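The numbers here are math on the coordinates, done by the rules we state, and not lab data. All values reported here derive from a predicted model rather than from experimental measurement. Don't worry about glycine lacking a Cβ; one is built from the backbone with ideal geometry, like all the others, and counts go over all protein chains shown.
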Amino acid sequence: MIGTGVVSVRRSLATALAMGTMVTLPAIAQQLPSEMSESGGRYFQKGEKPKVADQLRMIATSINAKRGELFRRKDPAGLAAVYTADATFVEILPRIQVMHGRLEIQQHFKDLLAAGAGDLVFTVTQAQPISRDAMQAGGDYYINVKDGKRISGHFFQILHQDGGDWKIALHFFARPEAVTAIEALQYNMSSGSQ
């Protein structure tokens, strides 16, 4: 059994990591070349910058739409495959939890499906290049749980090209309400899974 001091330290470190990442990544992105082209990260003429953001937003929207479809099909293995093998998946709310790798991410989706969640819908509101083969994206999402209740939240992702395909390497998300029974039990919150 892990002592409460260790759990508190882990939570503090995870929170610090999450906040540090969210603060520094936009600053890093501003220092990187902003004239990335629509095809493969080659440079293009100045003045075409909005096309890059639009292109990246379309890519991120497509990946997140695929996640939604795989969730509706109840395919946690397929969902995990949208992430890099060493991806980090961070739940900030309703509890702090850091998951590493596809197996832990897959288990998270299994838990959501077991709780009766039936739909996961994403709206990508922003996407920006980080480098020639990486971008950051973020936006809003909702998850439908038992009894037709809709719980809304927000997400932030770092995506990398992996073997020619875009994959999610880092994913932060927060929602104000518990969905799974474990979330409800750990934090004395009501859950859509009860």
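Side notes on the structure shown:
- Orientation-averaged projected area, Cα convex hull of the stretch 53-133 (nm²): 5.8
- Rounded to the nearest 0.05, the FRET efficiency derived from the C-beta distance between Leu103 and Thr123 at R0 = 35 Å is 0.80.
- The label-point distance for Leu185 and Ala53, in a model that sets each label 7 Å from Cα toward Cβ, rounds to 4.5 nm.
- Cα-based radius of gyration for the stretch 77-117, normalised by 2.2 N^0.38 Å, reads 1.12.
- Arg72-His154 pseudo-label distance in nm [points 7 Å out on the Cα-to-Cβ vector]: 2.7
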